[in-house]
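Just below is one structure, and these are the notes that go with it.
The values are calculated or read from the model by the stated rules, or taken from the named source; none is laboratory data. Remember, predicted model here, so these are calculated numbers, not experimental data. FYI the Cβ positions are ideal-geometry reconstructions off the backbone, even for glycines, and counts take in every protein chain you see. Areas reflect the complete protein model, heavy atoms only, side chains present, ligands, DNA and RNA absent. Shrake-Rupley method; radii C 1.70, N 1.55, O 1.52, S 1.80 Å.
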Amino acid sequence: MLDKKELESLKRNAILINYFEDEIKEKLPKGSSKIGGKPDLPKNFQWYYYNGEDYKKRVVNRPLSFLMQINCEEVHKYDKESLLPEKGILYFFYELMTMTWGFSPNDRGSARVFYYDRDIEDLVSTDFPEDMEKDCIIPEVKIDFESMNDYPIDFLDYYDDEDSDEEISRKEKEFEKDLEELGYKTDTTKLLGHPELIQGEYFEECEGVARKNLYYGSAPIKYGDLKDEIRENAENWILLMQMSEIEFEDYGLYFGDCGKIYFNIRKEDLKNRNFDNIWLILQCY
């Protein structure tokens, strides 16, 4: 059974994104962090599109939905490892009609991150493309942030195979209590930290699909002679943003069946402020 000291050694900092369900009565200042609504973008911004197949097997070139914008100055004090840019705005986009899983090279472009590092006063509230379906427009909600101690609980074996059901239940409660005392929360939308996994570890998938163009949608995966290289390079990937299901008033944003989406980035790309090569994974129950 893991104790608090062992858990502490696995700790990373995550930045929780809390959203407010109350109606926004006053217009948010330009460049404010938020979920949904019209993004504040440069005048010359070319909206992202993705040509993909939806759940009705229709292949259409569709505009990506705007998920959120993060003002880096607002989150900087919560970024205890100083991984994110100190200034500028990060914008997250994802195509909600195709809702790709990230296991195919064909998913490239279905999720994008745009980084703006110039004068915020030059931004404009940008209308959605005329061909964007109403169901793909997320209502605007205000957000704020807090730091959280984050742990890779999905990888932790805290009970033995020979334990009885009663013993497993006892250990689970003890483990959950330890996590609560350490400040850990579940089902979060957050920046950085450890991904809260549903279907298992996926960084090898990010490396294999995004950089080696392998297909992970069926088994066996055709690695050729790349398996060791992919496994080694998977360690270069980290979570940039995790988004859990969002519900407020009469709106709900869901990813599969009680799922999450994970925007992932290579450490080197994050250090160099290169957000062109992110890779999104969707997992659900």
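Given the criteria part of a strand (DSSP E or B), touching a helix residue (DSSP H, G or I) at 6+ places or on another chain (Cβ under 7 Å) and open to solvent by 10 Å² or more (accessible area, probe 1.4 Å), does Ile281 qualify? Reasoning before the result, please.
Numbers: part of a strand (DSSP E or B): yes; touching a helix residue (DSSP H, G or I) at 6+ places or on another chain (Cβ under 7 Å): yes; open to solvent by 10 Å² or more (accessible area, probe 1.4 Å): no.
Against the criterion (part of a strand (DSSP E or B), touching a helix residue (DSSP H, G or I) at 6+ places or on another chain (Cβ under 7 Å) and open to solvent by 10 Å² or more (accessible area, probe 1.4 Å)), Ile281 does not qualify.
Quick check: is even one residue across region 12-19 surrounded by fewer than 21 Cβ atoms within 10 Å (Cβ to Cβ), free of Cβ contacts under 8 Å to residues at least 40 places away in the same chain and touching a Lys or Arg at 6+ places or on another chain (Cβ under 7 Å)? Working first, answer last.
Keep residues of region 12-19 that are surrounded by fewer than 21 Cβ atoms within 10 Å (Cβ to Cβ), which gives 12-13, 16, 18-19.
The next check asks that each one be free of Cβ contacts under 8 Å to residues at least 40 places away in the same chain; those that pass are none.
Looking through region 12-19, none of the residues is surrounded by fewer than 21 Cβ atoms within 10 Å (Cβ to Cβ), free of Cβ contacts under 8 Å to residues at least 40 places away in the same chain and touching a Lys or Arg at 6+ places or on another chain (Cβ under 7 Å).
Assuming Glu268 fulfils every condition listed in (1) of a type outside the set (Lys, Arg); (2) within 30 Å of Ser147 (Cα to Cα); (3) touching a residue at least 60 places away in the same chain (Cβ under 8 Å) apart from one, which condition is it?
The single condition Glu268 does not satisfy is (3).
Collect the residues in region 203-257 that are basic (Lys, Arg) and open to solvent by less than 70 Å² (accessible area, probe 1.4 Å), keeping them in residue-number order.
Of region 203-257, the ones basic (Lys, Arg) are 211-212, 222, 227, 231.
Passing the criteria: only Lys212.
Which residues, taken from region 158-202, are assigned to a helix (DSSP H, G or I), in contact (Cβ under 8 Å) with a residue 12 or more places away in the chain and open to solvent by 50 Å² or more (accessible area, probe 1.4 Å)? Walk me through how you get there before you give the answer.
Of all residues in region 158-202, those assigned to a helix (DSSP H, G or I) come to 165-181.
The next check asks that each one be in contact (Cβ under 8 Å) with a residue 12 or more places away in the chain; those that pass are 171-172, 174-175, 178-179, 181.
Result: Glu172, Glu174, Glu181.
Starting from region 207-231, take each residue that is acidic (Asp, Glu) and list its partners that are surrounded by 10 or more Cβ atoms within 10 Å (Cβ to Cβ), counting only C-beta distances under 6 angstrom and pairs at least six apart or across chains.
Filtered contacts from region 207-231: Glu207/Ile230; Glu207/Asn233; Glu207/Ala234.
Return a yes/no flag: does region 129-149 have any residue that is at positive phi and either of a type outside the set (Phe, Trp, Tyr) or in contact with a Leu (Cβ under 9 Å, 6 or more places away or on another chain) (or both). If you could, list the steps in order and put the result at the bottom.
Taking region 129-149 as the starting set, the residues that turn out to be at positive phi are none.
There is no residue in region 129-149 that is at positive phi and either of a type outside the set (Phe, Trp, Tyr) or in contact with a Leu (Cβ under 9 Å, 6 or more places away or on another chain) (or both).
Count, please, the residues in region 83-98 that happen to be in contact with a His (Cβ under 8 Å, 6 or more places away or on another chain) and either in contact (Cβ under 8 Å) with a residue 40 or more places away in the chain or aromatic (Phe, Trp, Tyr) (or both).
1
Being at pLDDT 80 or above, more than 20 Å from Lys185 (Cβ to Cβ) and touching an Asp or Glu at 6+ places or on another chain (Cβ under 9 Å) is the filter here, so list the residues in region 146-166 that pass it.
Correct list: empty.
Strands (runs of 3 or more DSSP E) wholly in region 1-88 with at least 1 residues that are among the small types (Gly, Ala, Ser) - which ones? Break it down stepwise before answering.
Details: elements: 12-19, 49-53, 59-63, 65-71.
Correct list: 12-19, 49-53, 65-71.
Among the residues of region 258-277, which ones are assigned to a strand (DSSP E or B) and either open to solvent by less than 10 Å² (accessible area, probe 1.4 Å) or more than 22 Å from Gln199 (Cβ to Cβ) (or both)? Please lay out each step first, then the result.
Our first condition is that a residue be assigned to a strand (DSSP E or B); within region 258-277, this holds for 260-266.
Listed by number, the residues that qualify are Lys260, Ile261, Tyr262, Phe263, Asn264, Ile265.
Just for region 88-115: of the residues that are touching a Gly at 6+ places or on another chain (Cβ under 7 Å) and surrounded by fewer than 23 Cβ atoms within 10 Å (Cβ to Cβ), which one is nearest to Tyr55 (Cα to Cα)? I'd like the intermediate steps shown before the answer.
So in region 88-115, the residues touching a Gly at 6+ places or on another chain (Cβ under 7 Å) come out as 89, 95, 98, 100, 103-104, 110, 115.
Those still in the list that are surrounded by fewer than 23 Cβ atoms within 10 Å (Cβ to Cβ) too: 98, 100, 103-104, 115.
Values: Thr98: 7, Thr100: 10, Phe103: 16, Ser104: 16, Tyr115: 30 Å.
Here the answer is Thr98.
Six or more apart or on different chains, Cβ atoms under 6 Å: show the pairs whose first residue is in region 68-79 and touching a residue at least 12 places away in the same chain (Cβ under 8 Å) and whose second is open to solvent by 10 Å² or more (accessible area, probe 1.4 Å) and of a type in the set (S, T, N, Q).
Filtered contacts from region 68-79: Tyr78/Ser147.
Here is a list of conditions, (1) open to solvent by 10 Å² or more (accessible area, probe 1.4 Å); (2) touching a residue at least 12 places away in the same chain (Cβ under 8 Å); (3) closer than 23 Å to Asn18 by Cβ, and Val124 meets all of them except one; can you say which number that is?
Result: Val124 passes all but (3).
Return the residue satisfying two criteria in turn: it lies in region 50-83 and is within 19 Å of the chain's Cα centre (by Cα) and aromatic (Phe, Trp, Tyr), and of such residues it is most open to solvent (accessible area, probe 1.4 Å).
Among them, the one singled out is Tyr78.
Quick one: which residue in Tyr254, Tyr285 is touching a residue at least 60 places away in the same chain (Cβ under 8 Å) and among the hydroxyl-bearing types (Ser, Thr, Tyr)?
Numbers: Tyr254 fails: touching a residue at least 60 places away in the same chain (Cβ under 8 Å).
The unique qualifying residue is Tyr285.
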